[in-house]
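Everything on this sheet refers to the single structure shown next.
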Amino acid sequence: MANIHIKQKHHLAHDEARQRVEEIAKELKKKLNADYAWKGDSLHFKRSGASGSIDLSDDIIELKIKLGMMLAPMKGTIESTIKEKLHLALKGDKDTKLT
């Protein structure tokens, strides 16, 4: 197993940050068949081979992912893609879709 841990500062209002994380989660569900649910200010997600959470605070979004054995070799690629998409989502760019 491999773990990914990303912390990203943001300057968005709490509701706006939550909405942008929700949009990312919807895209994960659509493209990767990932299930997700909110528990307070924490979004938990799971799909075959990966699970994790995205925690919101006033100025930080913290993402934790556990990759299964099949996805572990792709940790670097997955982590860099997530960092890029999260950065774009938090600064307001329109192209936050997963590729």
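The values are calculated or read from the model by the stated rules, or taken from the named source; none is laboratory data. Note that this is a predicted model, so its numbers are computed, not measured. With ideal geometry, Cβ positions are generated from the backbone for all residues, glycine too; neighbour counts draw on all protein chains shown. Accessible surface areas use protein heavy atoms only, side chains included; no ligands, DNA or RNA. Shrake-Rupley method; radii C 1.70, N 1.55, O 1.52, S 1.80 Å.
Of note:
- Listing of strands (runs of 3 or more DSSP E) fully contained in the range 1-73 that carry 1 or more residues being under 16 Å from residue 91 (Cβ atoms) and open to solvent by 40 Å² or more (accessible area, probe 1.4 Å): 2-9, 60-67
- Filter result for residue 82 (assigned to a strand (DSSP E or B) and at pLDDT below 95): no
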